[in-house]
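Read the figures in this text as sums done on the coordinates, not as results from a lab. All of these numbers come straight from a predicted model, not from anything done at the bench. With ideal geometry, Cβ positions are generated from the backbone for all residues, glycine too; neighbour counts draw on all protein chains shown.
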Amino acid sequence: MCGIAAIVSYHNGPRVDESELLKIRDRMTSRGPDGAGIWFSVDQRVGLAHRRLAIIDLSASASQPMFDETGTLAIVFNGEIYNYRELRQQLSRLGFRFKSISDTEVLLHLYAHRGVRMLDSLRGMYAFALWDSGKRSLFVARDPYGIKPA
């Protein structure tokens with residue numbers, strides 16, 4: 001089980017405190033002993049953190065936070081998408097390119113293709129936070145049964 005965290009400072013609020021997000025991330029070490037990542041938006045108004053338990057893709061290319069090739073989308077993810085191979089094939093046929101074999105990267109491309117309607121395609125247990133810098137919005141979701149806590 002991975003651990004995810006996100007902090008967003010709305011409107012004219014203070015910038016995200018890096019030490020605060022690091023404390024949150026490091027408190028979740030037992031949820032993700034295989035790695036840790038942290039990311040802040042250029043304006044320091046958004047921060048994402050991740051503790052990794054590597055299961056599907058053990059390589060560094062599946063580290064999180066993960067970004068799309070444009071750098072517009074950033075995601076932290078906990079869970080497993082059972083139908084990610086099928087979704088990956090569909091997205092590949094549409095021209096999306098993959099650098100990893102992780103289900104996390106499938107989520108990034110699926111969001112780029114379908115937006116929030118992507119949830120209709122997912123089968124699995126999951127929780128994720130996805131920052132879309134183009135829309136300046138944070139999309140947070142979990143599976144309909146609430147199996148995966150954030």
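Within the listed set Phe128, Phe77, Phe40, the Gaussian network model of the chain (springs between alpha-carbon atoms below 10 Å) gives the highest mean-square fluctuation for Phe40.
Given +1 on the Cβ of Lys and Arg, -1 on the Cβ of Asp and Glu, and no further charges, what dipole in debye does the range 9-106 carry about its Cα centre, rounded to the nearest 20?
Numbers: 13 positive and 13 negative charges, 16 e Å.
Dipole of the range 9-106, to the nearest 20 debye: 80 debye.
Against the chain, whose longest principal axis comes from its Cα atoms, helix 103-114 is set at around 80 degrees. Of all the options Thr72, Thr104, Thr29, the one that moves most in a Gaussian network model of the chain with Cα springs shorter than 10 angstrom is Thr72. For the chain, modelled as a Gaussian network with Cα springs under 10 Å, which listed residue fluctuates most, Leu21, Leu130, Leu91? Fluctuation is largest for Leu91.
First check a/c for the range 1-82, with a ≥ b ≥ c the square roots of the eigenvalues of its C-alpha gyration tensor; if it is under 1.5, answer rounded, and if not, answer prolate when a/b is larger than b/c or oblate otherwise.
Working: a/c = 2.38, a/b = 1.47, b/c = 1.62.
Judged from the Cα gyration tensor, the range 1-82 comes out oblate (a/c at least 1.5, b/c at or above a/b).
Pairwise Cα separations in the chain fall into 10 Å bins from 0 onward with the following percentages, short to long: 12, 44, 36, 9, 0.
At 222 nm, what value in deg cm²/dmol follows for the chain if DSSP H runs of at least 4 each add -39500 (n - 2.57) and the sum is divided by all its residues, to the nearest 500? Intermediate values should be presented prior to the final figure.
Values: 3 runs with 32 residues, N = 150.
Mean residue ellipticity at 222 nm (helix-derived): -6500 deg cm²/dmol.
Extension gain for Arg117-Leu94 works out to 6.6 nm (0.36 nm per residue, less the C-alpha to C-alpha distance). Going toward the positive end of the dipole of the chain, with +1 on Lys and Arg Cβ and -1 on Asp and Glu Cβ, which of Met28, Ala62, His109 do you reach last? In the chain, that residue is His109.
Compute the acute angle (0 to 90°) between the alpha-carbon long axis of helix 18-27 and the principal axis of greatest extent of the alpha-carbon atoms of the chain; round to the nearest 10°. Approximately 60 degrees, to the nearest 10. Annotation for Phe67 and Leu53: the two label points, set 7 Å from Cα along the Cα-Cβ direction, are 2.8 nm apart.
Placing a label point 7 Å from the Cα of Asp34 along the Cα-to-Cβ line, the residues of the range 78-121 whose backbone N sits under 18 Å from it are 78-85, 99-108. Here the range 131-146 and the range 42-70 have alpha carbon centers that stand 15 Å from each other.
Is the shape of the range 106-150 best called rounded, prolate or oblate, per the rule: a/c under 1.5 gives rounded, else a/b larger than b/c gives prolate, else oblate, with a ≥ b ≥ c the square roots of the Cα gyration tensor eigenvalues? It is oblate, given that a/c is not under 1.5 and a/b is not larger than b/c.
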